Amino acid sequence: MKRWRQVFLVGWMLVVLAPLGAANLTADQIVDAMTTAMDYQDATFSATLVNTDRLGSTSLTFDTYQNARDDTLLVVTEGADAGQKILRLDDDIYLYYPDADEIIRLSGSSLKNAFLGTDFSYEDLTGDDDYTSRFTSTLNGTESIDGVSCYVITLTAKKLSEPYQMEKMWIDQQRFIPLKTELYSKSGKLLKVMTYQEYLHDGDVWFPGSIHVTNAVKKGNSSVMTVTNATFNKGVDPSLFKKETLAW
């Protein structure tokens with residue numbers, strides 16, 4: 001969510017097109033405006049994740065660090081997996097297990113694996129949000145979610161390597177922030193539904209304070225992530241994003 005090169009371009013488009021009405025915006029312009037609304041140079045925040053399945057509910061807490069290169073570090077601070085670290089560099093993820101004192105590398109289809117048994121995948125929590133280069137966007141009209149008018153956008157993956165081959169998004173027409181996303185497989189099967197609530201607004205940055213994931217394959221499974229202590233554009237220690245420091 002850190003593409004500063006789009007800020008002025010998208011802002012200019014919205015100013016120019018505003019007199020013509022929102023209906024004249026293309027799908028790509030809407031997606032770019034959403035990216036800009038949620039754009040930041042770097043971020044740190046804590047999150048509590050509650051997972052519910054047929055066996056009951058479990059929870060964990062983790063700290064997140066992101067830099068301008070989209071590198072992401074997650075550090076589990078509470079729960080059964082406390083001490084585990086997840087580092088994403090480009091398209092690779094490195095998992096550090098403190099009990100075994102070893103680092104495991106994930107890539108490709110492994111990015112779709114569940115994050116510590118929850119309904120969030122590693123891709124969901126650490127993935128690149130450069131939608132324009134990764135997906136073809138189509139505007140499918142407008143719909144209302146809880147009284148909020150939204151653009152309905154279908155994103156079709158340009159590469160088969162994408163964890164989700166199609167995404168359907170409902171984007172607030174006024175704030176250009178997503179309120180709901182449906183994620184699909186290559187065959188068109190619905191995999192999960194994500195809803196975004198309690199948005200934090202820090203300067204020019206919008207960030208969901210709560211994300212609810214409903215598993216469409218495993219009925220009854222869901223996960224809720226609640227964000228706290230979020231800061232944006234304050235700088236992040238670059239040494240956090242080195243494989244060599246994962247075991248420290």
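Considered as a group, the residues in segment 126-159 that are crowded, with 20+ Cβ neighbours inside 10 Å and at pLDDT below 95 include one that is nearest to Ser223 (Cα to Cα), and that residue is Thr126. Does Lys219 count as touching a residue at least 60 places away in the same chain (Cβ under 8 Å), assigned to a loop (DSSP other than H, G, I, E, B) and either charged (D, E, K, R) or not assigned by TED's automatic domain parsing to the domain that holds Leu191 (or both)? No, not satisfied.
Every condition in (1) in contact with a helix residue (DSSP H, G or I) (Cβ under 7 Å, 6 or more places away or on another chain); (2) under 30 Å from Ala80 (Cα atoms); (3) not β-branched (Val, Ile, Thr) is met by Tyr97 except one, and the failing one is (1).
Determine which member of the set Ala68, Ala82 is surrounded by fewer than 17 Cβ atoms within 10 Å (Cβ to Cβ), at pLDDT 90 or above, of a type in the set (A, V, I, L, M) and on the phi < 0 side of the Ramachandran plot. Answer to the check: Ala82. Here Lys168 meets the list (1) touching an Asp or Glu at 6+ places or on another chain (Cβ under 6 Å); (2) within 18 Å of Thr44 (Cβ to Cβ) almost entirely, failing just condition (2). Among the residues of segment 99-120, is any within 18 Å of Thr44 (Cβ to Cβ) and either in contact with a strand residue (DSSP E or B) (Cβ under 9 Å, 6 or more places away or on another chain) or hydroxyl-bearing (Ser, Thr, Tyr) (or both)? There is no residue in segment 99-120 that is within 18 Å of Thr44 (Cβ to Cβ) and either in contact with a strand residue (DSSP E or B) (Cβ under 9 Å, 6 or more places away or on another chain) or hydroxyl-bearing (Ser, Thr, Tyr) (or both).
Scanning segment 65-108 for residues that are within 17 Å of the chain's Cα centre (by Cα) and either part of a loop (DSSP other than H, G, I, E, B) or assigned by TED's automatic domain parsing to the domain that holds Pro163 (or both) yields Asn67, Ala68, Arg69, Asp70, Asp71, Asp90, Asp91.
For segment 52-70, indicate whether the set of residues that are over 22 Å from Val227 (Cβ atoms), touching a residue at least 24 places away in the same chain (Cβ under 8 Å) and of a type in the set (Lys, Arg) is non-empty. Scanning segment 52-70 turns up at least one residue that is over 22 Å from Val227 (Cβ atoms), touching a residue at least 24 places away in the same chain (Cβ under 8 Å) and of a type in the set (Lys, Arg).
Of the residues in segment 160-181, not one is at pLDDT below 90, under 28 Å from Ser239 (Cα atoms), touching a helix residue (DSSP H, G or I) at 6+ places or on another chain (Cβ under 8 Å) and part of a loop (DSSP other than H, G, I, E, B).
The values are calculated or read from the model by the stated rules, or taken from the named source; none is laboratory data. For clarity, every value in this text was computed on a predicted model and none was experimentally measured. Neighbour counts run over all protein chains shown; Cβ positions are idealised from the backbone, glycine included.
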